């Protein structure tokens, strides 16, 4: 793919996608669906091929690990005169433009409408047409000092939730229960959360039912997820924590239910 595209303000642009991980594969698929030409390079290719591609492109799209972003750009892109864009949700790197696609990317590639509806979050003052010409995604801005917290929220809501759901799926399988029944439960839970975030919590944590919580923890004895479960208790029971000390002490004797 060697054609040069033209942005909304009639400036030519050409992308070079660097990387071959999951996000790089999705990004390249998105570009193909948009009929935007691009070149590509990854570490399995000869490094000598990189310089000629840099000479021909206006935008470098760095789809590599966060730990390699700064060192790679300093080593290989220090003489590049165009825009270098990275997609880390947590890092701010001098001289690079950061834009984060707020989406989870699985092993299967997505259709065009899914890619186009992905929100993009940036700390840059540039317009989307300057950062990613040819894209039409919604763009949201946060302050550079807010970025680490923003990404922590993404990890809490997405990645850590994935670990919990994976545990539920595997546990249901051990109990010879079909995955579909858990799926229905989780889908409705997510609908409820987004419909009414403050009122969506249910179960023993919402009821402040320490007897049931104690039973749950007993069943998880020896399982690393017992510690995960227990780590949520001070958040679920802040009143109990304040009045009678650590919630863990109450779990040892769940008959000490509090009248809140």
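Of note:
- Among the residues of the range 222-245, just one is at pLDDT 95 or above, part of a loop (DSSP other than H, G, I, E, B) and loosely packed, with under 11 Cβ neighbours inside 10 Å, namely 222.
- Those residues of the range 34-58 which are over 17 Å from residue 6 (Cα atoms) and surrounded by 14 or more Cβ atoms within 10 Å (Cβ to Cβ), in sequence order: 40, 41, 42, 50, 53, 54
- Conditions (1) farther than 26 Å from residue 105 by Cβ; (2) touching a residue at least 12 places away in the same chain (Cβ under 8 Å): number failed by residue 212: (2)
- Boolean, residue 199 is free of Cβ contacts under 8 Å to residues at least 24 places away in the same chain and either touching a strand residue (DSSP E or B) at 6+ places or on another chain (Cβ under 9 Å) or farther than 17 Å from residue 168 by Cβ (or both): yes
- Some residue of the range 64-75 being touching a residue at least 40 places away in the same chain (Cβ under 8 Å) and under 23 Å from residue 104 (Cα atoms): yes
- One residue stands out among those in the range 7-24 that are more than 20 Å from the chain's Cα centre (by Cα) and touching a residue at least 60 places away in the same chain (Cβ under 8 Å): the one that is nearest to residue 84 (Cα to Cα), which is 13.
- Filter result for residue 208 (on the phi > 0 side of the Ramachandran plot and modelled with pLDDT under 95): yes
- Residue in the range 135-143 that is in a helix (DSSP H, G or I) and in contact (Cβ under 8 Å) with a residue 40 or more places away in the chain present: no
- Residue check for residue 50: touching a strand residue (DSSP E or B) at 6+ places or on another chain (Cβ under 8 Å) and closer than 22 Å to residue 119 by Cα: no
- Selection status of residue 164, surrounded by fewer than 18 Cβ atoms within 10 Å (Cβ to Cβ), farther than 24 Å from residue 201 by Cα, in contact (Cβ under 8 Å) with a residue 60 or more places away in the chain and touching a helix residue (DSSP H, G or I) at 6+ places or on another chain (Cβ under 8 Å): no
- Filter result (under 13 Å from residue 225 (Cβ atoms) and either at pLDDT below 95 or surrounded by 12 or more Cβ atoms within 10 Å (Cβ to Cβ) (or both)) within the range 170-181: 171
- Checked against the criterion of being surrounded by 14 or more Cβ atoms within 10 Å (Cβ to Cβ), over 20 Å from the mean Cα position of the chain (by Cα) and either in the same structural domain as residue 130 (by TED's automatic domain parsing) or part of a loop (DSSP other than H, G, I, E, B) (or both), the candidates 31, 61, 27 yield just one match: 31.
- Qualifying residue in the range 113-133 (condition: within 30 Å of residue 48 (Cα to Cα) and either part of a loop (DSSP other than H, G, I, E, B) or without any contact (Cβ under 8 Å) to a residue 12 or more places away in the chain (or both)): yes
- Some residue of the range 182-191 being in a loop (DSSP other than H, G, I, E, B), surrounded by 11 or more Cβ atoms within 10 Å (Cβ to Cβ) and at pLDDT 95 or above: no
The values are calculated or read from the model by the stated rules, or taken from the named source; none is laboratory data. For clarity, every value in this text was computed on a predicted model and none was experimentally measured. No Cβ is skipped: glycine too gets one built from the backbone with ideal geometry, and neighbour counts run over all protein chains shown.
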